[in-house]
1. Out of Ile241, Ile217, I need the residue that is modelled with pLDDT of 95 or more, of a type in the set (A, V, I, L, M, F, W, C) and in a helix (DSSP H, G or I). Which one?
2. Inside the range 45-88, counting only strands (runs of 3 or more DSSP E) that do not spill past its ends, which hold 3 or more residues that are within 18 Å of Ile165 (Cβ to Cβ)?
3. Applying the selection to the range 442-488, what residues are buried (at least 16 other Cβ atoms within 10 Å of the Cβ), over 30 Å from Asp228 (Cα atoms) and either within 22 Å of the chain's Cα centre (by Cα) or free of Cβ contacts under 8 Å to residues at least 24 places away in the same chain (or both)?
4. Out of the residues in the range 341-390 meeting the condition of being among the aliphatic types (A, V, I, L, M) and touching a residue at least 60 places away in the same chain (Cβ under 8 Å), tell me which one is farthest from Tyr422 (Cα to Cα).
5. Quick one: which of Leu264, Leu316, Leu299 is hydrophobic (A, V, I, L, M, F, W, C), part of a loop (DSSP other than H, G, I, E, B) and either closer than 22 Å to Leu463 by Cα or at pLDDT 80 or above (or both)?
6. Is it the case that the range 247-258 has a residue that's small (Gly, Ala, Ser), within 30 Å of Glu318 (Cα to Cα), modelled with pLDDT of 95 or more and assigned to a helix (DSSP H, G or I)?
7. So, in the range 82-100, how many residues would count as being within 15 Å of Gly127 (Cα to Cα) and either at pLDDT below 85 or not hydrophobic (A, V, I, L, M, F, W, C) (or both)?
8. Can you pull out every residue in the range 132-174 that is touching a helix residue (DSSP H, G or I) at 6+ places or on another chain (Cβ under 9 Å), farther than 21 Å from Asn204 by Cβ and assigned to a helix (DSSP H, G or I)?
Amino acid sequence: MEFHAWAPLFYFPRRYLKLTTCINNLHYEKFQDGTVKCIEDEIPFEVPEGWSWCRLRDLLNVCSSKRVLQSDWKNEGIPFYRAREIVKLSENDFVENDLFISKEHYLELEKNYGIPQSGDLMVSGVGTIGKVYIVKPEDQFYYKDASVLCFENRNKMLVSKFAKILLESSFVQLQMRENSKGTTVDTITISAAMNYLCIVPPQNEQVRIVAAVQQAIVKVNEIQFNKDNLHSTITILKSKILDLAIRGKLVPQDPNDEPASVLLERIRAEKEELIKHGKIKRDKKESVIFKGDDNSYYLRTGGVEESLEDWRFDDLPETWKICCLWELCDYGDCINVNTEDIAEDAWILDLEDIEKDTGTVLKKVTKAQRNSVSTKHKFHSGQVLYSKLRPYLNKVVLSDADGYCTSEILPLEFKNCVLPEYARYYLMSGTFIAYANHCSYGVKMPRLGTTDGKKAIFSLPPLSEQKRIVETIDFCFMQLNKISEALA
């Protein structure tokens, strides 16, 4: 039986390299004592002629560091890296380190045990395993034993950048994951790493592979940049659609629609009846929007008037009307409920459950699942749930079920002349967000106050046009979401 060695186009010292051999087209591993073992079941794919299968120990010296005690840690000196720092270095090539050892200790370690050299590969060995950083000529650092492994590259025929590509390949990464299981935290051991099956091409081909991968990364980054730009464009486009919608420029007007002024007069007449019969009291500080002698809109609150010129509502269609938010909903009139009075299976909505900008409820959590003792606001299906906290996050939900929410969310019950779907889109518009941010108080946790919320401007279209607006927005957003999903 004749042995045919897979001879690469470069030569490692024989005492380091144990190449696979072929017997009857089957792969065998040849050991120093001359014995061979069939490893055909480990070979996942064929490699080009001139390439070789080998173990990682045949390419790199896998080692760890001399243990550095916590008592030797310093606030300045030579950086001391743990796995988390290697992960950051591998991703950003930079890390803000907060652990050090003294220069004297570092020099002692260098003299007695050795330190990472230029071209060595530092590998995170616990937690987020398998992240690789190539040591640079100017680097000076030491590392934590067991947490980080050093794959020493003392072989001039192995290109360190290719070795990094090899270690980060799905083929080797899979071996890392499979051989690190069985402990509480994933851990790469030296013995396991030494036995990783690897492939190695000729050195000149290693160089070409590195160049090709670097070019590919540049292209991928360009594509990602373009994707990010497109995502930003989609976000801007959605905002523009909402802006057009609340100004009467998204869908054509129908002269047969009942004007919004008629709707408002009906609402105001109903309110006057309630006041007349003593069922409610007139708010002496309520805000009212009116047109001045100059044909511009003004807001009157008590005896104070302010111009609405900055909000650009002078060009609304004739069938539209602007009014204050309090005229259309019960802004700020919430039903407070103590947590102990809420059923265990009731839906408890918190701000963290809502996706910003979309109003999508990411998860529904029951009282039994949520550890909360604060007072909640009760809401029911069909109400608009508006987050007054950090208005810039733009979290507005149209509830599809009854439940309870944090007091930072206001359940809004709109009158019959306003579709909840249209109201939700209005509150998500850039115009309303700008107003809310302008009026918000508080530095760390800014929120829209009740008084400012009530007197917020609301552009009201005819009811039939609201339906057309909602249908158009829904269709446009659905198409844009499809594009976003395709980019994911």
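The values are calculated or read from the model by the stated rules, or taken from the named source; none is laboratory data. Remember, it's a predicted structure, so these values are computed and weren't measured experimentally. Glycine also receives a Cβ, built like all others from the backbone with ideal geometry; neighbour counts cover every protein chain displayed.
1. Among Ile241, Ile217, only Ile241 is modelled with pLDDT of 95 or more, of a type in the set (A, V, I, L, M, F, W, C) and in a helix (DSSP H, G or I).
2. The qualifying strands (runs of 3 or more DSSP E) are 52-55.
3. Across the range 442-488, the qualifying residue is only Asp452.
4. Out of the qualifying residues, it is Ile342.
5. Result of the check over Leu264, Leu316, Leu299: Leu316.
6. no
7. 5
8. Glu168, Val172, Gln173
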